[in-house]
Structure formats: structure tokens, C-alpha cells
Amino acid sequence: TMTRSCTTFVLQKGPEMKGLVPAAKLTEASDMNQALARLLRQIQELAVSSEAMLAKAKQAKLRVQRRVAAREKARQDQEAFRRYDKDGDGFLSRSEVQAYSKGEFGFPVPKRAMERIWQNLVAEGTKGVAVKALQQLRVHVGIAREVARDDQRKLVTAEKLRVIEKIRQGLHEKLRELNAVADEALQEVARLEQQVTAAKAKGLLPPQMAQLADESDMRIKDAADHVGFFRARMAGLSDGVEERFQDAVRVFIKEQAKPLYAHLGRMEVRLTRTRTISARFRQAAVKRKAAELERLKTAAGRLIRHNKRLRSLSDDDIFGSLVGEEDFVKFFASADSEIRLSDERTALL
């Protein structure tokens, strides 16, 4: 940083010094130029030297850290060794090696691995593994542990393959049965679609539309029950399998029954569509009923006004202060229903 600052100062102030210093000290400009060049070279040499010293310092620090780490590791090894060297004879016997492996790695050393440890690490005439061979012992235990894990993985894989093979043997018959269930569910969905499509016919009265909507909802429930039964049968294909193999068996069944799962997905899409159509049809029935009622109210109002004009009656003359359903129906049964548009226009004038 210092050398960089010096270089920057010389480069920035050099032109100014070339003019001012010779005039102040009565020296030649060429001498000043040479002095500045020498100064820049010295700064660069100092920078290179500084970087070299810094690199050496980093390397020395790294060596010290490694030595400290090695001493700490050696101290920890000594403590671990003493912790498992129960008889204090300076060697780990077979039982002590077993205790070390279980305590440090949670792994019991197999008999074959123990024999290899004794062949490779125990010097002839000694009682067991010396402290200087502790790192090698750690490596041997690690290798034995990985071998055991690999053997266990192979056993699990072989057992999983046996389970899948057992599932595969009975899967064909189950899929054939499920195809029949799928066909039945598909027929129910097709009947439902026809019912809902027929309900879209124009010219139906609101009560007829409401009845068709109720029938459609019942059909939808039946179809949903068929599809739900089909899905439950599909999900039950892995029943009876151990929990640890459930995921693998499900993947296998899903691959084998891919057409059926696709079939199920399409049926559920069609079922959702019919639900939407049925809901819209029911809303249309409600709107049509409201519109029909509004038309009846308008027509009833026109008929009442026409008969009031025709007979010169007031509201009380027609119904009185309180009108019942029988009086209301009786009035419309006997009322004059021939309403002329010209009479209505005249009444508005």
C-alpha cells in the first residue's frame, strides 16, 4: 500500500517537480528526470521485496498452523488412546480396539476386519495396536464400516427386488380387475356427460331445469363415487408391503399402471367439467325462474290496471284491505284479459 501510494505521488506530481525543483535548486532538468526515474525504480524494487517478504510470512504462518494442528491432533490421539487403553500397557487389545470403534464410530468391528487390523498394525511380539498406529487403525475401521454399509445396502436392494418381484407376479391380475373398474367408472362419467348436455336444451321451464339439475347432481355423486373407488383400488395396490419399501413399490406400480393412472386423470378432468356445467345450469335455472316471475308480475300488473279502467274500480274495490290466495285467483279467473295497446296508451296520456 505504501509503495503504491509513493508511485502514485511521483506520477501525479512528477511534471510539477520537473519544473519547480530545477529552478529552485539551480539544477538541470535532465538531472531531475534521472532522479525521478531512479526513485520510481527504487519504489518498484521495494514493492517486489515487500511482496516476497509477505509471501514468506504467509508460508511461515501456514507451517506454524500445521505444526500446531499436528500437535493438537497428536494430543487428542494420546487422550483417545489412554481413554480406551484400560489396562494402561501402552497397547490396544482386541477388546479395547472393539471399544474404541464402538465409542468413536458407533460401529462394531467384524471378525474379518479385526484379523486384518492385527495382521497389518500389530508388530510381532507386541500385545496390540500401539499409539503411533492409531491413525492407521482409524483408517481400517473406516474402511470396515463402509464395507459393512455397502453389504447392508446390497441386502436391502436384494430384498427390495424380491418384494417388487412378488408384487409384479400378482399385479397383472389386479390391473385386469382395475381395468374393469375403470370401464365402469368411465361409463358412469359418460352417462353423466350426456345427462348434463341434455340439461342444456332450450325451452325448459324453471321447475324442469331444477329437476334436471338435481338429477345431474345425483349423477355427479354416483360418478364421483365410482372414480373414488377406482382411485382407492389403485392406491391399495401397495397394501401389505413393508413401510421401508413402500416408496419403491409405488414407483414400480405407477410405472406398470401408467395407462390406468392416465385414464384416472382424464376421468377426473371430465368429472370436474360436468360439475362446472351442472353448477352453471342450476344458476341459469334460478335466473330463468326470476325472469319468469318478473314477466308474470308485469302481466298481472297490466291485467289489474286494465280491469280497473274497464270497471272504474279502485284498489279497495278489487281486493279490499286484505286479499287471500282464493280471492286473488278468483279475480284473475273472471277478469277481462283482452288488453288493447291503444287503451294503455290512452291511459298514459
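The values are calculated or read from the model by the stated rules, or taken from the named source; none is laboratory data. Only a predicted model underlies this, so the values are computations on that prediction, with no experimental measurement involved. Note: ideal-geometry Cβ built from the backbone for every residue, glycine included; neighbour counts use all protein chains shown. Note: accessible area is taken over every heavy atom of the protein model, side chains too, but ligands, DNA and RNA are not part of it. Shrake-Rupley method; radii C 1.70, N 1.55, O 1.52, S 1.80 Å.
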Label zone at residue 68 (point 7 Å along Cα-to-Cβ), backbone N below 17 Å, region 43-58: 57-58
Segment residue 41-residue 5, extension gain: residue separation times 0.36 nm, minus the distance between their alpha carbons: 11.5 nm
107, 332, reordered so the largest accessible area comes first (probe 1.4 Å): 332, 107
Given 154/254; 221/289; 86/132; 287/330, the pairs whose alpha carbons are separated by over 20 Å: 154/254; 221/289; 287/330
Spin-label pair residue 251/residue 233, simplified geometry with 7 Å Cα→Cβ offset, distance in nm: 2.8
Inter-label distance for residue 162 and residue 262, nm, one decimal - labels placed 7 Å from Cα along Cα-to-Cβ: 3.6
Approximate spin-label separation residue 87-residue 331, in nm, with each point projected 7 Å along Cα-to-Cβ: 12.0
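Assuming 0.36 nm per residue, please report the length gained on full extension of the stretch residue 116 to residue 49 beyond their Cα-Cα distance.
Numbers: separation 67, 0.36 × 67 = 24.12 nm, distance 5.46 nm.
Once the chain is fully extended between residue 116 and residue 49, it gains 18.7 nm.
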Region 38-173: C-alpha gyration tensor shape, a/c 1.5 cut-off, then a/b vs b/c: oblate
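Assign one of three labels to region 229-314, namely rounded, prolate or oblate, based on the Cα gyration tensor with a ≥ b ≥ c the square roots of its eigenvalues; rounded applies when a/c is under 1.5, prolate when it is not and a/b is larger than b/c, and oblate otherwise. Walk me through the intermediate numbers first.
Working: a/c = 10.19, a/b = 5.82, b/c = 1.75.
Since a/c reaches 1.5 and a/b is larger than b/c, the shape of region 229-314 is classed as prolate.
Using packing as a proxy for protection, rank 52-63, 130-141 so that the peptide with the highest average count of other Cβ atoms within 10 Å comes first. Show your work: numbers first, answer last.
Working: 52-63: 10.0, 130-141: 17.3.
Ranked by mean Cβ neighbours within 10 Å, highest first: 130-141, 52-63.
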